[in-house]
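Accompanying notes for the structure given below.
The values are calculated or read from the model by the stated rules, or taken from the named source; none is laboratory data. Predicted, not measured: the structure shown is a model, and the values here were computed from it. When we count neighbours, we look across all protein chains shown, and the Cβ atoms used for this are built from the backbone with ideal geometry, even at glycine.
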Amino acid sequence: MNKLNYDKERDKKRFPMLTNLLPKTSVYMRQKLLTWYDRHKRVMPWRTIKNSKKVPYKIWLSEIMLQQTTVTTVGPYFQHFLKTWPTIDELANASLDDVLKVWQGLGYYSRARNLHKCAKLICNNFDGRFPNTEEQLEQLPGIGPYTAAAILAIAFDKPAIVVDGNVERVITRVFGIFKPLPEGRPIIKDCAAKLAPKTTRGRPGDYAQAVMDLGATVCRPRKPLCDLCPWEKYCIANQQNFVDQVPRKAPKKVKAVRKGVVFLALMSDGSLFLRRRPENGLLGGMMEFPSTVWLERSLSLKEICGAAPFKTQWVKITGTVNQAFSHFQLQLQVRVAVVNDQTQIFGGIWVDRDRLDEFALPNLMKKVWAFALKRIQLLPRLDC
């Protein structure tokens, strides 16, 4: 296959032809896609609830969970969430601790905090009913342009331009768009708008899910199944043999490495010292073993001592706990102390080691505890 280098002039010449899509062609393409979707749509738990009053709630919940998380991972969490809080009123009345605990393992915990805030706001300001305009939806915590469009189309069956990663890939290939991501996103959205239904007669909700399903199951990132695609004969990338070269992406930036120290304090009775992280910021509102700030440099001894939750003899464990976040890599050094008297220690709570699962402890802190258990002979006996 010939390699196609990005050519701005060629893109300019080709693009007007691609965007001047005849309305009749758009209608026919939508019909073909919806026929395909009716036969091949994916089975998902949020597509099985027929009660119209619950539809906006479950679609909102699924879309928040699906942000930067796969469908396979989200499925069990979604079902557990609905079983725990079947309605938005019940979610709004839940404690943030309970929400964070059920969310454990999904990552990006700001989503859970925004989910809880959003539920409260909808119950207080909208009488428990989701607003049904993009403008109002985007004003809610945790809801951006994509999520607002998805809720509008899927939950309310209103016309909206829904563009996620799967849709980007489909539209980029169908229209032969060479402009790399993220710069090409405005063009992709314009092209997506030319195909999307303009009225409810065009089944906006089904159409939005159909394009996403097409991208996930047929127009895949690698080895796309072009022979099975309902849009095969309309696809510029397929016709000109460069399907595997689009969408193009800008070179990835090298992730920064941040460093910090975490303090693991133990009582001889088996309890561990936890505190709550600030509401704002990474892992906000969750419980943690106290730690320093995370910086792109090693901390001085003075900085480490100043960040310790209390004065005692902290023993350094060899090695680090490593965790990848979306924008940086984290390396945590672990320091351990065993104390006899907890009465003079404030700013947190003591929790029995066997009850850690009852608290909203992020995976990072679970890794810290597992790391310590394997490396300190003192921990299994907890002798002072």
key: Hits in segment 283-322 (condition: in contact with a strand residue (DSSP E or B) (Cβ under 7 Å, 6 or more places away or on another chain), surrounded by fewer than 16 Cβ atoms within 10 Å (Cβ to Cβ) and outside any loop (DSSP other than H, G, I, E, B))   = L295, V315, K316, N322
message = closer than 30 Å to F346 by Cα and either touching a Gly at 6+ places or on another chain (Cβ under 8 Å) or modelled with pLDDT under 95 (or both): is that true of L181 in this structure?
response = no
inquiry  = Which of the numbered conditions does N241 fail, given that it passes all the others? Conditions: (1) modelled with pLDDT of 90 or more; (2) assigned to a loop (DSSP other than H, G, I, E, B); (3) crowded, with 18+ Cβ neighbours inside 10 Å.
reply    = (3)
task = Starting from residues that are among the aromatic types (F, W, Y) and not in a loop (DSSP other than H, G, I, E, B), keep the ones in segment 110-169 and report whichever is nearest to R201 (Cα to Cα).
result = F156
inquiry  = Going by what's in this entry, would V167 be described as surrounded by fewer than 22 Cβ atoms within 10 Å (Cβ to Cβ), in the same structural domain as Y146 (by TED's automatic domain parsing) and closer than 16 Å to M29 by Cβ?
reply    = no
query = For the subset of segment 170-183 comprising residues that are more than 23 Å from T200 (Cα to Cα) and outside any loop (DSSP other than H, G, I, E, B), which member is nearest to the chain's Cα centre (by Cα)?
reply = L181
Every residue from segment 138-147 that is touching a Leu at 6+ places or on another chain (Cβ under 8 Å) and under 24 Å from T217 (Cα atoms) = T147
key: Tally, over segment 74-101, of residues that are in a helix (DSSP H, G or I), among the β-branched types (V, I, T) and surrounded by fewer than 19 Cβ atoms within 10 Å (Cβ to Cβ)   = 1
Answer residue from segment 192-202, given it is out of contact with any helix residue (DSSP H, G or I) (no Cβ under 6 Å at 6 or more places or on another chain) and assigned to a loop (DSSP other than H, G, I, E, B) and is nearest to V167 (Cα to Cα) among those = A196
